[in-house]
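The values are calculated or read from the model by the stated rules, or taken from the named source; none is laboratory data. Model, not experiment: these values are computed from the prediction. Here the Cβ positions follow ideal geometry from the backbone for every residue, glycine too, while neighbour counts run over all protein chains shown. With ligands, DNA and RNA removed, areas are computed over all heavy atoms of the protein, side chains included. Shrake-Rupley method; radii C 1.70, N 1.55, O 1.52, S 1.80 Å.
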Amino acid sequence: MKDAFEFADELGPLKTIHIHEPSVGLRAILVIDNVAKGPSIGGVRMAPDVNTRECSRLARAMTLKNAAAGLPHGGGKAVLYGDPKMPKADKERLIRALANALRYTEDYIFAPDMGTDEVCMAWVKDEIGRVVALPREIGGIPLDEIGATGWGLSHATEVALEYCDFELAGARIVVQGFGAVGKNAARFLTNRGAVLVAASDSRGTIHSANGLDVARLIEIKESGGALVDYSGADKLDRDAVVGIDCDIWIPAARPDVIRGDNVDRLKAKLVVEGANIPITPGAEKVLAEKGVLCIPDFIANAGGVICAAMEFHGAGEGAAMQSIEEKLRRNTRLVLEDAARRNILPRDAATELALDRVRKAMSFRRYSLFSSAPGFV
Ligand code: NAD
């Protein structure tokens, strides 16, 4: 008994489902955390070492993220045991089996996460239909290709600048991680007058105080190269990106890149968190004490999930981008106003905003976490 309810609190999880199908070697866990706001959306993570604890934490993070984003969706997450680089036919068999095992679990909408992609989602669509982030050819909005999360980050940045003493025009930005999120954030921000002075990928950092040519960098990355292949900039170690003097620092790579042992190297006035949990809670406090404004990850990087939800509700690319802009601007402003008024961290204000929205939705239900209306059972 204790084991089964180890992660239970007043918000959830509503259900934890362990799935086992020996004929195909399927072992998976689905945690549906809270669906008071609507059916849950959350990715399928495929890795050899996943577990119920990780799945529960990720499902809760999705409840808060979807609520903070202002979406009519709750939070859930699935983990699938296996090596994501296994032969394609084996992976397809597992994903199709997982979809079938969850055919009637209507309060969970499949989405991609680490180890799964739009092709996996197309297999889910083919089996049961209830999925987001599909390939364009079957009605999906390719959110990484259009830069949905980078677009959201650029709007969060613009609103955050109302709380800073400098403007976007001429602001020096540094981007850690030049993938789907980082390169598009750089593209949208430099289009509006910012100057990219440094960027990094897993192979190294490049730096030029006069500014880097973002279009050329994107070309290099898209043709399979590394940032250090760019000529006309200083080449530094991968982690040197942390210490480069700038106005806006954007982490868009890995978790926990700013910690107690390197937070003092960061020289920026504003940090806009593109990656998930890029800064440890202790380091975020240190930055606040130094007057560095941090826009928390689940506010700043919500563009991707907003895009996925818009796709689920039948919207096209234009409407999705417009919705990201509106929601990111509104939520960033709400969080920063509240944080300034009460002199609390933006992260604490954001968590309260999300919790208020979830609790309000729960108050409309006969049962707090779920509804018996069609689509929610
Ligand atoms: P991606 O794989 O497209 O790009 C990651 C980039 O980071 C690559 O350029 C890689 O070389 C670089 N990188 C890896 N390790 C690094 C390191 N130690 N130092 C510097 N660079 C490093 O991934 P992405 O989709 O851009 O996601 C980046 C982060 O943003 C992840 O934390 C992801 O969870 C988060 N996120 C992504 C989205 C989205 O819409 N794609 C939405 C929300 C959050």
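Structural remarks
- The stretch 316-325: number of residues that are open to solvent by 20 Å² or more (accessible area, probe 1.4 Å) and either without any contact (Cβ under 8 Å) to a residue 24 or more places away in the chain or closer than 22 Å to residue 166 by Cα (or both): 4
- When the residues of the stretch 196-219 are filtered to those that are of a type in the set (A, V, I, L, M) and open to solvent by 30 Å² or more (accessible area, probe 1.4 Å), the one that is nearest to the ligand (Cβ to nearest atom) is 215.
- Of all residues in the stretch 177-195, those satisfying the criterion of being within 14 Å of the ligand (Cβ to nearest atom) and of a type outside the set (Lys, Arg) are 177, 178, 179, 180, 181, 182, 184, 185, 186, 188.
- Restricting attention to the stretch 22-60, the residues that are open to solvent by 30 Å² or more (accessible area, probe 1.4 Å), assigned to a helix (DSSP H, G or I) and either modelled with pLDDT of 95 or more or touching a strand residue (DSSP E or B) at 6+ places or on another chain (Cβ under 7 Å) (or both) total 4.
- From the list 306, 250, the lone residue that is buried (at least 21 other Cβ atoms within 10 Å of the Cβ), β-branched (Val, Ile, Thr), outside any helix (DSSP H, G or I) and modelled with pLDDT of 95 or more is 250.
- Qualifying residue in the stretch 72-90 (condition: hydrophobic (A, V, I, L, M, F, W, C) and in a helix (DSSP H, G or I)): yes
- Screening residue 18 with (1) open to solvent by less than 60 Å² (accessible area, probe 1.4 Å); (2) on the phi < 0 side of the Ramachandran plot gives one miss only, at (1).
- Among (1) free of Cβ contacts under 8 Å to residues at least 60 places away in the same chain; (2) out of contact with any Pro (no Cβ under 9 Å at 6 or more places or on another chain), the one test that residue 140 misses: (1)
- Single residue of the stretch 110-141 satisfying the filter (surrounded by fewer than 18 Cβ atoms within 10 Å (Cβ to Cβ) and under 25 Å from residue 297 (Cα atoms)) that is modelled with the lowest pLDDT: 114
- Any hit, the stretch 286-301, residues being basic (Lys, Arg), touching a residue at least 24 places away in the same chain (Cβ under 8 Å) and open to solvent by 40 Å² or more (accessible area, probe 1.4 Å): no
- Pairs linking a residue in the stretch 43-60 that is farther than 17 Å from residue 276 by Cα and touching a residue at least 60 places away in the same chain (Cβ under 8 Å) to a residue that is β-branched (Val, Ile, Thr) and open to solvent by less than 20 Å² (accessible area, probe 1.4 Å), with Cβ atoms under 7 Å and 6 or more positions apart or on different chains, are 46/116.
- Entry remark, the stretch 142-176: residues being among the β-branched types (Val, Ile, Thr) and within 12 Å of the ligand (Cβ to nearest atom) number 4 in total.
- Among the residues of the stretch 260-285, those identified as over 23 Å from residue 188 (Cβ atoms), open to solvent by less than 30 Å² (accessible area, probe 1.4 Å) and either more than 15 Å from the ligand (Cβ to nearest atom) or among the charged types (D, E, K, R) (or both) are 263, 283, 284.
- Taken together, the residues in the stretch 150-188 that are crowded, with 18+ Cβ neighbours inside 10 Å and touching a Gly at 6+ places or on another chain (Cβ under 8 Å) amount to 18.
- Counting the residues of the stretch 21-40 that are on the phi > 0 side of the Ramachandran plot and touching a His at 6+ places or on another chain (Cβ under 6 Å) gives 1.
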